[in-house]
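The values are calculated or read from the model by the stated rules, or taken from the named source; none is laboratory data. This is a predicted model, so every value here is computed, not measured. Heads up, the Cβs are rebuilt from the backbone with ideal geometry, glycines too, and the neighbour counts pull from every protein chain shown. Please note that ligands, DNA and RNA were not included when accessible areas were found on the heavy atoms of the full protein model with its side chains. Shrake-Rupley method; radii C 1.70, N 1.55, O 1.52, S 1.80 Å.
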Amino acid sequence: QVQLVESGGGLVQPGGSLRLSCAASGIIFSFYPMGWYRQAPGKQRELVATISRDGSTNYADSVKGRFTISRDNAQNTAYLQMNSLKPDDTAVYYCNAAGRVHNYWGQGTQVTVSS
């Protein structure tokens, strides 16, 4: 049974930081490109960042220079370090493992940026 479990969300003031984690089980983690997506109320889910199996990264323009995606294959965990958070970053953040045949999602973690 494949599970992706996100954690680390919460309420933070503008300019603050959060670190999201995505713990994977039931897959050979190192085989999968990983990604973080987000969905704000009334909006479509959008890509935030991806990291390939070899560690190459890609970011949405809206988060470049503020967010950093990383992975620890020994811990089967992907991370999203979010700095200089803005109210527009408020959303449910989802972890994704994108295999060639199967695509897996976590249940999401809420991030709220508000004063």
How big is the dipole moment of the chain about its Cα centre under a simple scheme where the beta carbon of each Lys and Arg is +1, that of each Asp and Glu is -1, and everything else is neutral? Debye, nearest 20, please. 80 debye
For the chain, set up a Gaussian network in which alpha carbons nearer than 10 Å are linked by springs, and say which option among 16, 26, 42 fluctuates the most. 42
Can you pull the one-decimal nm distance between simple spin-label points at residue 62 and residue 100, each 7 Å off the Cα toward Cβ? 3.3 nm
With each pseudo-label sitting 7 Å past Cα toward Cβ, what's the residue 112-residue 7 distance in nm, one decimal? 2.1 nm
Given a 1.4 Å probe, the accessible area of the stretch 14-100 per residue, as a whole number of Å², is 51 Å²
Once you wrap a convex hull around the alpha carbon atoms of the chain, what is its projected area averaged over all directions, in nm²? 6.8 nm²
Can you give me the Cα centroid spacing of the stretch 13-91 and the stretch 97-115 in angstrom? 8 Å
In the neighbourhood of residue 84 defined by beta carbon distances under 13 Å, the net charge of the other residues (Lys, Arg +1; Asp, Glu -1) is +1
Most mobile listed residue (91, 24, 60) in the chain, GNM with C-alpha springs under 10 Å: 60
Taking K and R as +1 and D and E as -1, what net charge do the other residues with C-beta under 9 Å from the C-beta of residue 66 add up to? +1
Percent accessible area from carbon and sulfur atoms, the stretch 68-115, protein chains only, probe 1.4 Å: 43 percent
Can you give the net charge of the other residues whose Cβ lies under 13 Å from the Cβ of residue 46, counting K and R as +1 and D and E as -1? 0
If you filter the stretch 21-75 for trypsin sites (Lys or Arg not before Pro), then keep DSSP loop positions with at most 13 other Cβ within 10 Å, what is left? 43, 53, 64
Through the Karplus equation 6.51 cos²θ - 1.76 cosθ + 1.60, θ set to phi - 60°, convert the phi angles of the stretch 58-63 into ³J(HN,Hα) values in whole Hz; use x for Gly and Pro. 8, 10, 5, 4, 5, 10
